[in-house]
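Before any comments, here is the structure.
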Amino acid sequence: MSKADSKSSQTPGLYEAAEHKHYGAPADLVDDMGADGITFVTLATTEEQEDPEPIATTGYKSWSDVWKLAARIDGGFTVTDFPQKGKILDDVPRFEIVAVAVDPRFQLHGLASQLLVKATEEIVEVVKVGGASMVRLKVRTIKEINEGYWTKTGFTTLREMRFDVGTAGSSTGFSSLEMFRDHSV
């Protein structure tokens, strides 16, 4: 597939991208998500379209950059040169929630929350097999758009990066957050 025009914003002027990259083939999505990644898609029909169309999606993949993150956290973590993918020495499995999106026509009906619950349930089943008693979830989001939602679902801000006006088409600047939540298995 080629790039398509898009404009996406809950906050006027915050983000207006001229182009949005779509995956060209299912293999591209698999490459991005990795061997342990899973994507959930919600399909629906409308009065205008009888064939089911995707209206919401989320997914998860192994949190593979934890060694970089751990190096920035004071206390509690010991970093080795090459820790296992998705783990720090405390051996807690870590997964990143990615690609959370809901068609604007279907927003504010709990679809994102339902998908997050489903993804978390799936992650719990995966880590139970390995005998884990806890899993750490991470999400990256735009502060001005979604911080409140993720905070309500139990996530805590771990890191914030501020981006200047003009970044990604922003007319006001914005902050990118890394947030996490520990979940008992």
Where a residue in region 131-147 is within 10 Å of PRO93 (Cβ to Cβ) and its partner, wherever it lies, is outside any strand (DSSP E or B) and of a type in the set (D, E, K, R), with Cβ under 8 Å and at least six apart:
ALA132/ASP91
Any chance region 119-126 includes a residue that's surrounded by 15 or more Cβ atoms within 10 Å (Cβ to Cβ), under 20 Å from VAL41 (Cα atoms) and in contact with a Leu (Cβ under 6 Å, 6 or more places away or on another chain)?
no
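Values in this text are rule-based calculations from the coordinates and carry no lab data. None of these values were measured; they are calculated from a predicted model. Methodologically, a virtual Cβ is constructed for each residue, glycine included, from the backbone with ideal geometry; neighbour enumeration extends over all protein chains shown.
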